[in-house]
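In what follows, a single structure is set out as C-alpha cells and then discussed.
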Amino acid sequence: MATSVGFIGVGNMGNPMASNVLKAGFPMTVFDLHPPAMENLLRAGAKGAASARDVVERNEIVMTCLPASPDVEAAYLEPGGLVDRAAPGTILIDLSSVLPSTPRKIEPRATSRGVRFLEAPVSGGVSGARAATLAVMVGGDPEVLERARPVLRALGPNIFHVGPVGAGNTVKAINNMMACVNALAMMEGVALGVKAGLDPLTIYEVVKASSGASKALERIPTALIPRSSSRASRCD
C-alpha cells in the first residue's frame with residue numbers, strides 16, 4: 001500500500017509540488033489557510049483537511065511549504081502544532097526556505113517524541129516545481145531520507161543529502177547568493193551592451209554559446225526583453 005502523504009501550504013510553490021506527489025500515486029491530504037488554493041488538488045483526487053492538525057494526524061509523511069521561519073516555527077512548535085500532534089514514526093519534511101536555526105529548533109523536539117524530521121529546501125522556482133525538476137537539499141538523518149526518498153523523487157531527480165539538520169538551508173542560502181550574483185552580472189552586461197548599441201538577443205545568443213553562460217542568462221528572452229522586472233528579479 002502506498003505511503004500516505006500530507007501537504008500543508010499549497011501556494012505558488014507548494015501547489016505544483018503537491019500535484020506532482022499526487023501524480024506519482026501517493027494518497028494525499030492537503031491543507032492551506034486559503035482554501036481556493038486547494039481546489040485543483042481536490043479535483044485531481046486529493047482529500048481536503050480542515051486544519052494542519054488533521055493532516056498530520058492522518059498521514060505517514062507530512063510535507064510543509066510555508067513562507068518564512070516564523071510561520072514554520074509556529075506550525076511545528078506551538079502547543080498543539082505538528083510536532084505535538086504527529087504520531088511516533090511520522091516523518092515531517094519542511095520544504096520551506098528558512099533560517100538554518102529554524103530546523104535546528106524543530107529536530108530535537110520532534111526526536112523527543114519519536115517523530116522524524118527533515119529539512120528539504122528546494123531550488124528551481126515555480127517552473128521547476130511544475131516540471132518536477134527541482135533540486136532538493138536535505139538536512140537530517142540519512143536513514144530517514146531513504147525512507148522519504150520515493151516521495152521526494154516526485155519533486156525532482158536531484159536529491160542531495162547535504163549534512164545534518166540546518167545544512168540544507170545553509171546550502172540553499174549559498175545557492176541563492178550565487179544565483180543573485182550571476183543575475184546581477186547578467187543584467188549589468190546586457191545594460192552595457194544596450195548602451196553600446198547592441199541587440200540584447202544578440203548578447204544572449206553569443207554568451208549562451210560562450211564561457212559566460214549561466215541559468216541567469218535564460219532570463220533575457222523570457223523576462224528582460226519583455227521588461228518584466230518582477231520576473232527578472234527572482235533568484236530561486
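The values are calculated or read from the model by the stated rules, or taken from the named source; none is laboratory data. This is a predicted model, so every value here is computed, not measured. We place every Cβ from the backbone using ideal geometry, glycine too, and count neighbours over all the protein chains shown. Surface areas here come from the heavy atoms of the whole protein model, side chains and all, with no ligands, DNA or RNA. Shrake-Rupley method; radii C 1.70, N 1.55, O 1.52, S 1.80 Å.
Scanning the stretch 148-181 for residues that are in contact with a Lys or Arg (Cβ under 8 Å, 6 or more places away or on another chain) and either farther than 30 Å from residue 210 by Cα or open to solvent by less than 20 Å² (accessible area, probe 1.4 Å) (or both) gives 154, 165, 166. For the stretch 228-235, the count of residues that are touching a Lys or Arg at 6+ places or on another chain (Cβ under 7 Å), surrounded by 14 or more Cβ atoms within 10 Å (Cβ to Cβ) and assigned to a helix (DSSP H, G or I) is nonzero. Exactly one residue out of 93, 106 is open to solvent by less than 10 Å² (accessible area, probe 1.4 Å), within 24 Å of residue 164 (Cβ to Cβ) and part of a strand (DSSP E or B): that is 93. When residue 193 is tested against the conditions (1) open to solvent by less than 10 Å² (accessible area, probe 1.4 Å); (2) in contact (Cβ under 8 Å) with a residue 24 or more places away in the chain; (3) in a helix (DSSP H, G or I), the lone failure is (2).
Scanning the stretch 1-50 for residues that are open to solvent by less than 30 Å² (accessible area, probe 1.4 Å) and charged (D, E, K, R) yields one hit, 32.
Where helices (runs of 4 or more DSSP H) fall wholly inside the stretch 5-89, the ranges with 1 or more residues that are polar (S, T, N, Q) and more than 16 Å from the chain's Cα centre (by Cα) are 39-43. Report whether or not residue 184 is part of a helix (DSSP H, G or I), over 30 Å from residue 117 (Cβ atoms), open to solvent by 50 Å² or more (accessible area, probe 1.4 Å) and at pLDDT 95 or above. Taking the combined requirement at face value, the residue does not satisfy it.
Residue 154 meets the conditions (1) modelled with pLDDT of 95 or more; (2) in a helix (DSSP H, G or I) in every case but one. The failed one is (2). Flag: residue 111 does not match the condition of being out of contact with any Cys (no Cβ under 8 Å at 6 or more places or on another chain), of a type in the set (S, T, N, Q), farther than 18 Å from residue 6 by Cβ and not in a helix (DSSP H, G or I).
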